[in-house]
Structure formats: structure tokens, C-alpha cells
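Inspection log for the structure reproduced underneath, given as C-alpha cells.
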Amino acid sequence: LKYRSSLTQLPTQFQGLARLGLALCLCTLFAAPAWCRPDGNDGAPAPGMDRCVQQALDAVNTHQRQFIAPVAAEDALASFAWVEETTTRVWSAAILQAPKASGPDARRAANEGEEAGAKAASPTYFAVFHAWHTCQSDGDHVHPLTFTAQGWRLGPEIPETETGGFRLRDHDLHLAIDVLRQTATIRDSARIERTAATVPPYCMLRLSDTYHVSAFTCDGRATPFQQAGGVLIFAPPAGKTFTVGLHYSGTANHGNGDYIRNDEATFNSYWYPNIARLPATATITAVAPPGWIPVVQGEPVKQGRDADGGAVVTYRNDLPVCWFTVDMGRYHTLSRSVDGHKLTAYLLRDDPAYAGRCLDLLAKALHCYETNFARFPYTRYGVVETRGEFGGALEAYSFATFSARGMLENIPHELSHTWWGGLVPCTYTRSMWDEGFADYSDQLFHRLAAGETSRVDHPAPHTAYGAGFNTVALADAHDTSDGHQSAVGYGKGQLVLRVLEEEIGRETLLRCISAFVANHPRGEAAEWPEFEQTVDRVTGSDYRWFFAQWVDRKGLPTLHLSDLTVQREGKGYRLEGSIEQSGALYRLKVPLLLRTKNGAFQHQEVEVSGVSTHFVLRSDDSPQLITLDPDNILPLTSAEGTSRDLTLRDE
Ligand SMILES: [Zn+2]
């Protein structure tokens, strides 16, 4: 159910009436209002809490943070920045109640000194703002509810990155679909580990709000739980590790995520429970309708048929990753064995020529990445077509899903995610560093395939990067559904790695990249600082300045050529000038290309760090044109007055 509230535009005295009208309207039209109390409360939330959450929801859906102020605790308003920044436009809300301590495990936990302290300070109620989200994008938002002298108020957000001291390490998932009803029925047996000495008296799992959990167990025993939107809460057992069992189902018809069509289905949007989207291993069993082929992450363990003749396959993925996909459909397949890997194209049409071209490209890219990054971790890789409303392509490490006809364009990028996202996982809760690496890999693959291009050539057409590149730092761009964040995460990410390649040399950069994969601790996610440490270690130098200016700081350099003079010097010419920086200062190696009257080209690199850097070029023939960054390697702003090419007066 979706609704967008416009209540906050009304004068205060009418808001109560309007809210009542809207509530009646919703009750008449729909089965449930957009926010609701959780099922099975021991005690219903206090009445004022309902009003607080309703008012907060109205404010949230205006996407203006200041409207939250009346219902937010004093220290909480800053943490509502997500209201203005996230890509989700329509939110729903629900109240979640923390479990009451009960049973021998909980009593034992309460007796353990420090834990009892944490328990006393823990909130009892939470407001969950939720919506369906595509993967690698937005998530639900959880704020504790506290009772103050002014009534119920929302506290500072419990961010999605907060694990609460728990890690979900392994899944045993089982997925079956009903094509006619477009529903998925899923169960999971997930192993959870305590990673902190002190934990709150509850554990929170996240799961797409599409799915309704109908049964929940802890270590095999039925256990009380609550679900509010995409958040599930329960009292964890006292043991170091425990296993939760979940049965859930939901309608899968979301564009760009989980959907079931009459000849195919894809699941890739939080169809599995997770904690902070952190990496986990998984055994996944998929049951396909008769005539459909399931495609699952990892290595095949078991294959069979159900009573209807549908394929039942079980795959094991021992590589801990953050993102799981299951595809299934009436595919036409073409397989080929290359260097010990089984490569398969799964197309929804019979087009062996196109499938063959996909496999040709796949084999070349795989060879390139194995040579330059690290060994490929699976025995197989698949490229799977979808005709659903799917934005581009999505990696799943041992295969990838592609919108129809988009395969050839995206295969090198998606395959590289087996290293960037697979071997080195990325949560997309802090940054999408892996997208910069994937675009860089794609570009490197094409450059290597084309052979080295000569530097003594005419200048490349210049690309100027607009406002989108200046809005967010690379270290903070994390939501792939956001246009500006994507421009930075993919585009600037790739360009910054290209600049690093120029700075330290390709061979050294590839050693850094291999070391990044080889030394990354399996089971953990990475961020830019881990790569920075690798670069420092491999080069034996301190590259803080590089990552500070390119990754931590938003924006791009603005450079101008100025004060150019040409003088005769002996038999030749002497060209002098300066490279000016405006705005934030960068430390750069700036390539210059000089074209002389006889058509010859001359390259020179100038190290730039201050506002103005003087340079001198000497040539035998009369200088005609000077170009800054002729190979278009430095990402520069399109600032007013930028001059990259200057035509010189003929002497
Ligand atoms: Zn990608």
C-alpha cells in the first residue's frame, strides 16, 4: 500500500481532521493503513505513540526534515537527513516492540552484569519507516521511540550499518514460486553469531517488506518475534551462535527487483534476511516450474525433480557475499568450456549466434581478469537474460542478470564484480567503491584488448564533468538509484583509478589490485580505506594525499592554461606559461601536448600542486597549439573559463 501525505501543508488546526478523513478513506479502500501496529503485542503501544509515528510519517513523505522537528527528540533531527537524501519517495511506517525478556536464555542473559546494563538502557519501541527497495540502494530506517515530558518522540536513527553485535554468517535458503499468483514461498535457516561481548536484548534482521514472515524459530524452538515493514526483531538466545528459522512469502512483481513473469523470474532484492547487508555464505535450493531452468549462485550440489516435474537444484556458495540472486526461466542455453570454466548463456529466445558472441566476450574478459587480478573462484559463469523491467544488469558472482540485448555491453563490467563485490564484498551502505572498480576493469579490458595506443597523437575530445560529479564524495556515494551518487560512484570511481594508474604506473596498480583481492579478509566487506592501505603497502609510500583529494573530498579540479609566451631561443623556440588552479587545490601530474607548425607533437608532464605552476617547453619548430591533458585522463570540471587548448601566435 502506498500513499503520499500532504497533511503538513495544511494549517495545524485542520491536520487532525484531515488525518481522520484520510484514515477513514484508507480503511475503506484498503485492507490495512499505511502504518500499523505490530501483530501480537503483549501490550498495545501507548496512544500517543500512534500519533507521534503518524505525524512523523506525514513529515517524512514531504521530504523536508524540518517538519519532523515537532516529533523528534532534540538530538535526533540531524539523523533524519535521510528524509531529504534517499531515493525512496513514498514511505510507510510501523511500530516495532522489543521482545520482553522471558525464558531461561533471557533470564540467564539478564543475570550477566554488563548485559543487564545494556538491557536497562535499551528502547522498547521503534518506528520503522519502510518501503520496497531495489538492491544496492536505499534501506528501511529505524528510530527508537522515547517518552519525554512532551510525549512520545523519535530518537536518533539506528543506522542499517549497526549490527547490534550480531553477524549472519550462513544461509540455507529454499525458494519456490507460484507463477499464476506471482508469489514466492521462501524458508531460511540462518546461522547467527554474536560478535560483541555486550549486545542489546534484541536482534534485528532486515528483509524486504514485500515478504511476510509467518513462522520463526530459534535453534528449532518456536520463538516470539515481530515484523514491522522490512525489520524483524526477536530475543536472541544467550549462546555464541544460534540458528534462526524463517518461513515467509510475498508477491514478487517489483520492477528492477524481485518479479515473476509467465516465462521467467528473478529474485535479487533482499529476498533473504540480512544484518547490515554484510557478507554470508549460502546454500540455496530453488524449485522451478516444469520446463524452467533455475540459475543459482555458487557450485551445484544436488539436482532433481519435484512431483510436478519441475527442476529442484541446490547450490552452495562458500564465498561470503552481500548479494544473492536466483533466476529461473524457459531459457535457451549455450555452454562452452574455456580454461576449465563452464560458460553458459541463458537466453529467453533461440539465438545461438548472439549467445556465441556473449560467450566469446565472456571468455576474453575472464582471461583478462584472471591474468591481472586473481584466480576466478568458481568452476562456472552464466550470463542470464531477463525481459522484465530491469535496469541494466546485476552481478551475482557466478552469473549475472542482464536486461534483454544489454549483455554484450555489460558483460565485462558484471563479470568483474566477481572480484569487486564477490571476492571483496561491498555492502553499498557506505560507498559503492566496487562500481568504480568494475567500470575501471571494463575500461582496462577494452584498452588491453585494443593494444597500447600511441601517446604521440592528436588530442582526444575533452569530456567535462558537470554538477552531478560535485554533489557527493566518492567515499560517500552509495545509492545506485541516485543519479548523482551513481555518476560519482561509477564514473568518478573509474576515473580516479585511471589517474592512480598514471600516478604509479599500470604494473604497480595491478600489483595493488591483486594484493587487495589476495589479502582481503574473507567474510568482511571492504571500503576505500582498505584499498588505500594496500596501495601504501605495495608502493612503500604514503598516498593519503591522493585518496584525501580524490576519494574523501567532493568535487573535481579546475585547471586553466594562462600567461603563455613564445620566444625564439637559439635555433628553436621557448614556450612559457602557467597552469592555474581555482577552487580546492589538487596535487596532479598534468600532461601537456604541444603541436608545432610542422605537425609534430611533443609531450611534457608538469607537476602541479599550488594555485599557479610555471612551466617551460622547448621545441625546434614554431609552437602552434598547446593542450592540457590531451588523453583526457584527468577528470576536470567544466568550470566557466576553463581553457584546455590554446592556439599560439605564429612567430
Ligand atoms: Zn556494477
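Here are a few things to note about the model shown:
- When every residue of the range 36-48 is checked against the conditions, at least one turns out to be modelled with pLDDT under 95, surrounded by 14 or more Cβ atoms within 10 Å (Cβ to Cβ), of a type in the set (A, V, I, L, M) and more than 18 Å from Q227 (Cα to Cα).
- Within the range 310-339, the set of residues being assigned to a strand (DSSP E or B) and at pLDDT below 95 is empty.
- Among the residues of the range 384-411, just one is touching a helix residue (DSSP H, G or I) at 6+ places or on another chain (Cβ under 8 Å), closer than 30 Å to P521 by Cβ and away from the ligand (no atom under 11 Å from the Cβ), namely I411.
- Residues within the range 213-257 that are assigned to a loop (DSSP other than H, G, I, E, B), under 28 Å from P144 (Cβ atoms) and out of contact with any Cys (no Cβ under 9 Å at 6 or more places or on another chain), tallied: 8
- On the stretch given as the range 258-280, residues that are of a type in the set (S, T, Y) and not in a strand (DSSP E or B) total 3.
- Candidates D178, D172, D188 - the one that is surrounded by 22 or more Cβ atoms within 10 Å (Cβ to Cβ), at pLDDT 95 or above and acidic (D, E): D188
This table checks each residue for (1) of a type outside the set (D, E, K, R); (2) over 20 Å from I293 (Cβ atoms).
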| site | (1), (2) |
| --- | --- |
| G356 | yes, no |
| K364 | no, yes |
| Y381 | yes, no |
| I411 | yes, no |
| T418 | yes, yes |
| T429 | yes, yes |
| F437 | yes, yes |
| F445 | yes, yes |
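- Checking T87 against (1) in contact (Cβ under 8 Å) with a residue 60 or more places away in the chain; (2) buried (at least 18 other Cβ atoms within 10 Å of the Cβ); (3) more than 17 Å from A228 (Cβ to Cβ); (4) not charged (D, E, K, R), the condition it does not meet: (2)
- Flag if F469 is within 16 Å of the ligand (Cβ to nearest atom), among the aromatic types (F, W, Y) and not in a loop (DSSP other than H, G, I, E, B): no
- When T480 is tested against the conditions (1) more than 13 Å from the ligand (Cβ to nearest atom); (2) among the polar types (S, T, N, Q); (3) under 30 Å from E160 (Cα atoms), the lone failure is (1).
- The range 428-448: number of residues that are in contact (Cβ under 8 Å) with a residue 40 or more places away in the chain, surrounded by fewer than 24 Cβ atoms within 10 Å (Cβ to Cβ) and more than 11 Å from the ligand (Cβ to nearest atom): 5
- From the list T333, T344, the lone residue that is surrounded by 21 or more Cβ atoms within 10 Å (Cβ to Cβ), touching a residue at least 12 places away in the same chain (Cβ under 8 Å), of a type outside the set (A, V, I, L, M) and farther than 18 Å from I186 by Cα is T344.
- Just one residue in the set Y378, Y397 is touching a residue at least 40 places away in the same chain (Cβ under 8 Å) and on the phi > 0 side of the Ramachandran plot; that residue is Y397.
- Residues satisfying the stated conditions in the range 412-427, i.e. touching a residue at least 60 places away in the same chain (Cβ under 8 Å), on the phi < 0 side of the Ramachandran plot and within 11 Å of the ligand (Cβ to nearest atom): C426
- All conditions but one from (1) out of contact with any Gly (no Cβ under 9 Å at 6 or more places or on another chain); (2) surrounded by fewer than 22 Cβ atoms within 10 Å (Cβ to Cβ); (3) touching a residue at least 24 places away in the same chain (Cβ under 8 Å) apply to Q150; the one that does not is (3).
- Residue in the range 542-559 that is of a type in the set (S, T, N, Q) and part of a strand (DSSP E or B) present: yes
- Residues satisfying the stated conditions in the range 287-309, i.e. in contact (Cβ under 8 Å) with a residue 24 or more places away in the chain and in a strand (DSSP E or B): V287, I293, P294, V295, V296, E299
- Subset of the range 603-632 [polar (S, T, N, Q), surrounded by 15 or more Cβ atoms within 10 Å (Cβ to Cβ) and either modelled with pLDDT of 90 or more or in a strand (DSSP E or B) (or both)]: Q604, T613, S619, S622, Q624, T627
- Scope the range 347-365; condition acidic (D, E) and surrounded by 13 or more Cβ atoms within 10 Å (Cβ to Cβ); matching residues: D351, D360
- When T161, T198 are checked against the criterion of being part of a loop (DSSP other than H, G, I, E, B) and either small (G, A, S) or within 23 Å of the chain's Cα centre (by Cα) (or both), a single residue qualifies: T161.
Let's see how each residue does on (1) touching a Phe, Trp or Tyr at 6+ places or on another chain (Cβ under 8 Å); (2) part of a helix (DSSP H, G or I); (3) acidic (D, E):
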| site | (1), (2), (3) |
| --- | --- |
| T62 | no, no, no |
| Q66 | no, yes, no |
| E84 | no, yes, yes |
| T87 | no, no, no |
| A93 | yes, no, no |
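The values are calculated or read from the model by the stated rules, or taken from the named source; none is laboratory data. All figures in this text were calculated on a predicted structure; none of them were measured in a lab. Neighbour counts are summed over all protein chains in view; Cβ atoms, including those assigned to glycine, are modelled from backbone coordinates with ideal geometry.
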